[in-house]
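Inspection log for the structure reproduced underneath, given as structure tokens.
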Amino acid sequence: MAKRITTPLDEETVARLKAGDQVLLSGVVYTARDAAHKRLIALIEEGKELPIDLQGQVIYYVGPAPAKPGNPIGSAGPTTSGRMDPYAPTLMEHGMKGMIGKGMRSKDVRDAMIQHRAVYFAAVGGAGALAAKRIKSAEVVAYEDLGPEAIRKLYVEDLPLFVINDIYGDDLYEQGVAKYRKD
Amino acid sequence: MGCAKSRVIPAGEITNAMEKLCISACCNLPEENLKRIEAFAATEESEVGRQVLEMILENHRLAAREQRPACQDTGVAVVFLEMGQDVRIEGGDLAAAINEGVRRGYEKGCLRKSVVSEPLFERRNTRDNTPAIIHTDIVPGDKLKITLAPKGGGAENMSGIAMMIPAAGVEGVRKFVIDQVRKAGPNPCPPIVVGVGVGGNFETAPLLAKKALVRPMGSKNPNPAYAALEDELLEAINKLGIGPQGLGGSTTALAVHVEYAPCHIASLPVAVNLNCHVSPHQSITL
């Protein structure tokens, strides 16, 4: 059974999520990927205010396709999270509690998740049309010039996700592969 | 002796064909891909894996029904031209005609524009997904076959090349391919299609690997030794346990396609190019 959770994520929710859990996530999530992350980190380094408040927030690593008329958003599946690894620990330090993407995270990111009590979820990569159906609204809130890489505020309903890394140091990718490996 | 006959193709026809290809290739998965995913869903050992494969199938049906891109990453437009030597393009520049088709197709189809004009300093999005990456083969005849394979970044980044010595042999190739897939893990959106290019040289092996990806999914190399290698690699890869989306399972790859070319006596280049389960590509012949 999938666990229903809502954003922003509080301590209690984060504590009960375990690697391997299936989750249906609802609420506001912010999109950001490579170029947006670079800008956010630059602002933090300069001591300036961020265009979004990160407290308890979940960032979805996605660069959506443009919306067809009558739809809030185009196809919107996850992008490879590893590219955001150099930036993720700093964002966790500044309050981020969840990340949605696909693919492995570095040891530094996993350590930071334990330290700052944050969770990493995977959405089904490539299934962008399906994910878009769960996104009820979308608006660009920063960096419009980045096109697909702009920061968008999404409202999602029952977005299906898998918990990959939890605050206890477990990793679903490692556990899943170990279970089915035959070589 | 008369003059060689040439067939005229107006540049505008190429632009129109490209526009259609861009939209269709991103929204409509080849039928053989769907059948292949269905077949693997029936044998997948992990329950979560089966669930993921069902979601993938549902996604592809939805994409085709609503003419939305199956994946938001509608990639860089990789174009393979097989141009008959008796074809003459009239009324415009060939590359410009292709790029105009990409521009129109990506705009009309609500496809994501994912190209930056320069890789290191500014990385500014060109906003129209041009330029396309164009590979041209001159072939006999008076037809122009255009194959478009939009290539997303996630799977592409998991590619690799090794310049091996001939002594490495089949074992070396096998090890390199499997290691490459193992290292890629969940990143390229498994179940994946594995394109392998063996031989040629430093620049042609990766091109062979990419061409291998546009073969009909599950088709065999006509050389029986290479066909056997494809089967063997597929079996070995599916024993890695990576499974659908890397969550664990018996379906890591849907197919392995190997292409080869003659090479230098001192060389054994091997390239691996991965595709996600969407593996979009489509052709039009003018």
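The values are calculated or read from the model by the stated rules, or taken from the named source; none is laboratory data. Note that this is a predicted model, so its numbers are computed, not measured. In this analysis, Cβ positions are derived from the backbone assuming ideal geometry, glycine residues included, and neighbour counts consider all displayed protein chains. Only protein heavy atoms, including side chains, enter the accessible area calculation; ligands, DNA and RNA are left aside. Shrake-Rupley method; radii C 1.70, N 1.55, O 1.52, S 1.80 Å.
Before moving on, here are some points about what is shown:
- Of the set (1) open to solvent by less than 60 Å² (accessible area, probe 1.4 Å); (2) in contact with a Leu (Cβ under 8 Å, 6 or more places away or on another chain); (3) over 24 Å from B:N275 (Cα atoms), all apply to B:L148 but (3).
- Extreme residue, nearest to the other protein chains (Cβ to nearest Cβ), among residues of region B:37-70 that are at negative phi and among the polar types (S, T, N, Q): B:N59
- Residue that is farthest from A:V29 (Cα to Cα) [pool: residues in region A:138-152 that are in contact (Cβ under 8 Å) with a residue 24 or more places away in the chain and either β-branched (V, I, T) or away from chain B (no Cβ under 11 Å) (or both)]: A:Y143
Residue-by-condition table, conditions (1) touching a residue at least 24 places away in the same chain (Cβ under 8 Å); (2) farther than 21 Å from B:C276 by Cβ; (3) more than 17 Å from the chain's Cα centre (by Cα); (4) at the interface with another protein chain (Cβ under 8 Å from one of its Cβ atoms):
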position	(1), (2), (3), (4)
A:P72	yes, yes, yes, no
A:A76	yes, no, no, yes
A:G95	yes, yes, no, no
A:G101	yes, no, no, no
A:V109	yes, yes, no, no
A:I114	yes, yes, no, no
A:A122	yes, no, no, yes
A:L154	yes, yes, no, no
A:Y173	yes, no, no, yes
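- A count restricted to region B:156-210 and to residues that are assigned to a helix (DSSP H, G or I), touching a strand residue (DSSP E or B) at 6+ places or on another chain (Cβ under 8 Å) and among the hydrophobic types (A, V, I, L, M, F, W, C) stands at 10.
- Among the residues of region B:64-85, at least one is outside any helix (DSSP H, G or I), crowded, with 20+ Cβ neighbours inside 10 Å, out of contact with any Asp or Glu (no Cβ under 8 Å at 6 or more places or on another chain) and polar (S, T, N, Q).
- Residues within region B:263-286 that are out of contact with any helix residue (DSSP H, G or I) (no Cβ under 7 Å at 6 or more places or on another chain), closer than 30 Å to B:E54 by Cβ and not hydroxyl-bearing (S, T, Y), tallied: 1
- Residue in region A:78-89 that is open to solvent by less than 20 Å² (accessible area, probe 1.4 Å), within 28 Å of B:K183 (Cα to Cα) and touching a Cys at 6+ places or on another chain (Cβ under 8 Å) present: no
- Those residues of region A:26-66 which are open to solvent by less than 40 Å² (accessible area, probe 1.4 Å), of a type outside the set (A, V, I, L, M) and free of Cβ contacts under 8 Å to residues at least 60 places away in the same chain, in sequence order: A:H37, A:G56, A:Q57, A:Y61
- A:P69 falls short on exactly one of the conditions (1) surrounded by fewer than 17 Cβ atoms within 10 Å (Cβ to Cβ); (2) at pLDDT 95 or above, and that condition is (2).
- Unique match (being small (G, A, S) and either in a strand (DSSP E or B) or under 14 Å from A:G77 (Cα atoms) (or both)) among A:A138, A:A178: A:A138
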